[in-house]
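A short write-up of the structure that comes next.
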Amino acid sequence: MYEQIKTVVLTVLVLISITLTFVLWTYYPKYDVLQNDDYIQHVSVSNTQVDTAMVVQPKQMIIHKNGAHYAVTKEEEKNEVLKEIKKWTLDDFENISSSVPAGKFFTFLNGKERLEIIYPDEIPIDIYRLIFTVDDKGLDDLSFDRILVPLEGDDEFPVYFMATDKQKIYKAVASDASLVAIRRLTKETNHFARYFAYPVSETKQLYLPESEVALSSLQYYTDELDVDKFKEALFSDPSFVKKDLIPFGEEYTDGSRLMNVDFLQRTLLYVNPAARASDMSQTKSETHLIQKSINFVNEHGGWTDLYHFVRWSEEDRKIIFRLVVNGYPVFNEYGMSEIVETWGASDLMKYQRPLFRLEIADRNRTPTTLPSGRDIVKQIEAMKDVRKALVKDIAIGYELIKDPEREKVIRLEPAWFYLYGQTWKKVSVGGESRGGGTNGLE
């Protein structure tokens, strides 16, 4: 009897062993999610979605009239101009660069009564197609940073697209077009601030205010963004992510990707080394990097405040967006006012951004009077360690400063800034300068 029971038990164990062996041999785990570098979890940090026209905005609009320059600074007036241009059909682009003699670039720019729309960097024509109605198909690889619009014309008239650094000028024809809103805006220039042209190269000039500028310092209460939502959005399988405490922050990793959270500067840095590739060239079929970067932030609701596109590098595959408050750019030397994306051949390689949003504006505002543009130019030119050839831009903005006593409060202090090489620096009272935030293109 005992032998029979032992035989039955052994038989059952052998059958179980055979069954388990069969299951192991025939089981194929699903690695698709882990192996697909393009996979991003559909997790939203906020409900905000933006289109290209909201992010790619002009940095200035200048009216050239009667030999003088006037700045359109109110956001509602700028939007009226852009809204009218969006209704036009832009076609029949023609390269007229050779018709403008060397040294006559500024003469062409300021020669007639026009509205000049200035973008912060050269914008590829594919991005302009998403903002305006561009019908001409033969414009591959063209980029422009300025658009010249006439102040007079009916139904059909020329519009000029310019790439100042490359000294390229293309004439396009605007059809089915109206200048009613633009003429209404520019008819009387008395209410616009008078600006002057300051040349920084043979083809580029900056427009700066003739008079002092009154601007108030601001205070905001901020809201922390949920780090766990970024973890879920950026890692292919968040369940594999390990969290470690590091000095002044946290570190998250799945063995390949890395996400650092800096509690002091309230910023996030995500790195995906596997996105590097030997061939970093952009293919014709690829969505342009600027649009790709906008889409990426949209996918996880990352536009938690108003950010504008400010610069891109095709060589480094890097895109920078800057926080904007009341129409002015915000600068901070620790990256607290920028969203920066760096792309590999197809996947995101690096992502840097703030981990807070502006929530409630404090009613406590301190009026500040900033020097005129001419005074600032004199100040910058008097700096012994500044070479004029490396000054690429000059602008009024806010410096973002953490309140030393209240953790969730930040101050925005009005100041002048200048772009020196690839770094924005603050112009301090008395002529000395210090870092006011980097532009991310180092």
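The values are calculated or read from the model by the stated rules, or taken from the named source; none is laboratory data. Worth saying up front: this structure is predicted, and the values here are computed from it rather than measured. Using ideal geometry, Cβ is built from the backbone for each residue, glycine included, and neighbour counts are taken over all protein chains shown. Just so you know, the surface numbers come from the protein's heavy atoms only, side chains and all, with ligands and any DNA or RNA stripped out. Shrake-Rupley method; radii C 1.70, N 1.55, O 1.52, S 1.80 Å.
A few points about this structure:
- Near pairs, Cβ below 6 angstrom, 6+ apart or cross-chain, from the range 116-127 (of a type outside the set (S, T, N, Q)) to any residue that is in a helix (DSSP H, G or I) and surrounded by 20 or more Cβ atoms within 10 Å (Cβ to Cβ): Ile127/Ile290
- Residue match in the range 140-159 (condition: touching a residue at least 60 places away in the same chain (Cβ under 8 Å) and over 28 Å from Ile320 (Cβ atoms)): yes
- Against the list (1) out of contact with any Pro (no Cβ under 7 Å at 6 or more places or on another chain); (2) open to solvent by 10 Å² or more (accessible area, probe 1.4 Å), the condition Ser143 fails is (1).
- Lone qualifier among Tyr195, Tyr207 - being buried (at least 20 other Cβ atoms within 10 Å of the Cβ) and in contact with a helix residue (DSSP H, G or I) (Cβ under 9 Å, 6 or more places away or on another chain): Tyr195
- Criterion applied to Val100, Val50 was being aliphatic (A, V, I, L, M), on the phi < 0 side of the Ramachandran plot and touching a helix residue (DSSP H, G or I) at 6+ places or on another chain (Cβ under 6 Å), and the one residue passing it is Val100.
- Lone qualifier among Arg317, Arg363 - being more than 21 Å from the chain's Cα centre (by Cα), more than 26 Å from Leu208 (Cα to Cα) and free of Cβ contacts under 8 Å to residues at least 40 places away in the same chain: Arg363
- Within this structure, Asp316 passes the test of being closer than 28 Å to Phe144 by Cβ, at pLDDT below 95, among the charged types (D, E, K, R) and out of contact with any Gly (no Cβ under 8 Å at 6 or more places or on another chain).
- From the list Glu116, Glu94, the lone residue that is part of a strand (DSSP E or B), surrounded by fewer than 14 Cβ atoms within 10 Å (Cβ to Cβ) and at pLDDT 90 or above is Glu94.
- Sole exception among (1) within 24 Å of Pro120 (Cβ to Cβ); (2) open to solvent by less than 50 Å² (accessible area, probe 1.4 Å) for Gln167, by number: (2)
- All of (1) assigned to a loop (DSSP other than H, G, I, E, B); (2) out of contact with any Asp or Glu (no Cβ under 9 Å at 6 or more places or on another chain); (3) more than 22 Å from Met54 (Cβ to Cβ) hold for Tyr270 with one exception: (1).
- Residue within the range 291-307 that is in contact with a Pro (Cβ under 8 Å, 6 or more places away or on another chain), open to solvent by 20 Å² or more (accessible area, probe 1.4 Å) and of a type in the set (Lys, Arg) present: no
- Which listed residue is surrounded by 12 or more Cβ atoms within 10 Å (Cβ to Cβ), of a type outside the set (Lys, Arg) and at pLDDT below 95, from Thr222, Thr186: Thr186
- Residue in the range 359-368 that is of a type in the set (Gly, Ala, Ser), within 23 Å of Asn272 (Cβ to Cβ) and open to solvent by 10 Å² or more (accessible area, probe 1.4 Å) present: no
Yes or no, residue by residue, for (1) part of a helix (DSSP H, G or I); (2) modelled with pLDDT of 95 or more; (3) among the hydrophobic types (A, V, I, L, M, F, W, C):
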{"position": "Ser236", "(1), (2), (3)": "no, no, no"}
{"position": "Glu251", "(1), (2), (3)": "no, yes, no"}
{"position": "Val261", "(1), (2), (3)": "no, yes, yes"}
{"position": "Gln282", "(1), (2), (3)": "no, no, no"}
{"position": "Ile290", "(1), (2), (3)": "yes, yes, yes"}
{"position": "Val297", "(1), (2), (3)": "yes, yes, yes"}
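- Unmet criterion (only one of (1) surrounded by 13 or more Cβ atoms within 10 Å (Cβ to Cβ); (2) assigned to a strand (DSSP E or B)) for Asp176: (1)
- Hey, Glu232 in contact (Cβ under 8 Å) with a residue 60 or more places away in the chain, over 22 Å from the mean Cα position of the chain (by Cα) and open to solvent by 50 Å² or more (accessible area, probe 1.4 Å) or not: yes
- Scanning the range 56-71 for residues that are part of a loop (DSSP other than H, G, I, E, B) and closer than 21 Å to Tyr128 by Cα yields Val56, Gln57, Pro58, Lys59.
- Any hit, the range 80-88, residues being part of a strand (DSSP E or B) and modelled with pLDDT of 85 or more: no
- Considering the conditions (1) surrounded by 10 or more Cβ atoms within 10 Å (Cβ to Cβ); (2) among the hydroxyl-bearing types (Ser, Thr, Tyr); (3) modelled with pLDDT under 50, Tyr28 is excluded by exactly one of them, (1).
- Residue match in the range 335-351 (condition: without any contact (Cβ under 8 Å) to a residue 60 or more places away in the chain and closer than 20 Å to Lys59 by Cα): yes
- Matching residues, the range 338-347, being among the aliphatic types (A, V, I, L, M) and either at pLDDT below 95 or surrounded by fewer than 20 Cβ atoms within 10 Å (Cβ to Cβ) (or both): Ala345
- Filtered by the rule that a residue be over 26 Å from the mean Cα position of the chain (by Cα) and either surrounded by 17 or more Cβ atoms within 10 Å (Cβ to Cβ) or over 28 Å from Trp303 (Cβ atoms) (or both), the range 389-418 gives Pro404, Glu405.
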